[in-house]
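Here's the structure we're looking at; comments come further down.
The values are calculated or read from the model by the stated rules, or taken from the named source; none is laboratory data. Just so you know, these numbers come straight off a predicted model, no measurement behind them. FYI the Cβ positions are ideal-geometry reconstructions off the backbone, even for glycines, and counts take in every protein chain you see.
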Amino acid sequence: MALTESNMMALGTVAPGFTLPDTVSGKELSYADIRGTVGTLVMFICNHCPYVVHINPELVRIANEYMARGIGFVGISSNDAAGYPDDGPDRMKIVAKVLKYPFPYLYDESQQVARSYEAACTPDLYLFDNHDCLVYRGRLDESRPGNDKPLKGTDLRLALELLVRGEAPLRKQYPSAGCNIKWKADF
């Protein structure tokens with residue numbers, strides 16, 4: 001595990017489109033399918049990363065709260081499942097059901113979606129407004145495994161709240177940090 005920070009895609013970037021298989025329903029879902037009426041949160045996550053495992057309970061709470069307020073949510077795993085079988089589609093389906101993800105959990109086998117979002121780590125979070133323009137990218141909060149800071153989702157919650165209220169996005173945004181995305185060797 002190499003601690004890696006987000007690349008911090010430029011604010012205002014239009015959400016790259018995608019169509020990927022949902023490991024739970026088996027359906028192919030696109031960005032348009034998961035898009036919310038107020039905004040959309042695209043999360044690059046995986047099963048085995050201790051940083052994602054640490055924040056999963058808060059991600060589920062936030063998704064349950066803000067999906068009801070017009071925010072679309074999606075989790076995407078782009079890790080190389082050949083090298084990291086715990087991050088493969090079969091295990092993703094199990095994890096999504098056990099943790100009761102209220103959002104689709106898509107598998108990016110080609111890793112092209114992660115590249116189009118400039119994703120670097122898990123978790124890597126991207127919040128888009130109702131025009132699909134990036135208004136937040138970065139961390140959930142300052143809590144990390146073992147740092148004894150409470151898991152509250154402070155940074156993401158504030159970004160979501162500002163979006164829902166139609167206010168300007170956060171000026172100061174901090175990168176997320178976690179495990180690097182496990183890229184395939186052929187890239």
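Values for this structure:
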item	result
Residue in segment 2-15 that is out of contact with any Leu (no Cβ under 8 Å at 6 or more places or on another chain), touching a residue at least 24 places away in the same chain (Cβ under 8 Å) and of a type in the set (D, E, K, R) present	yes
Condition check for residue 95: touching a Ser or Thr at 6+ places or on another chain (Cβ under 6 Å) and modelled with pLDDT of 95 or more	no
Filtered residues of segment 61-98 (kept if of a type outside the set (D, E, K, R), without any contact (Cβ under 8 Å) to a residue 60 or more places away in the chain and buried (at least 16 other Cβ atoms within 10 Å of the Cβ))	63, 72, 73, 74, 75, 76, 77, 81, 88, 95
Which listed residue, of 135, 164, is of a type in the set (Val, Ile, Thr), touching a residue at least 24 places away in the same chain (Cβ under 8 Å) and over 24 Å from residue 20 (Cα atoms)	164
Strands (runs of 3 or more DSSP E) completely within segment 6-91 that count 1 or more residues being within 14 Å of the chain's Cα centre (by Cα)	39-44, 71-77
Residues being closer than 30 Å to residue 82 by Cα, touching a residue at least 40 places away in the same chain (Cβ under 8 Å) and of a type in the set (Gly, Ala, Ser) - total across segment 144-161	0
Residue 184 vs. criteria part of a loop (DSSP other than H, G, I, E, B) and either of a type in the set (A, V, I, L, M, F, W, C) or free of Cβ contacts under 8 Å to residues at least 12 places away in the same chain (or both)	no
Sole residue being crowded, with 16+ Cβ neighbours inside 10 Å, on the phi < 0 side of the Ramachandran plot and not polar (S, T, N, Q), chosen from 172, 182, 152	182
Residue in segment 90-102 that is charged (D, E, K, R) and in contact with a strand residue (DSSP E or B) (Cβ under 7 Å, 6 or more places away or on another chain) present	no
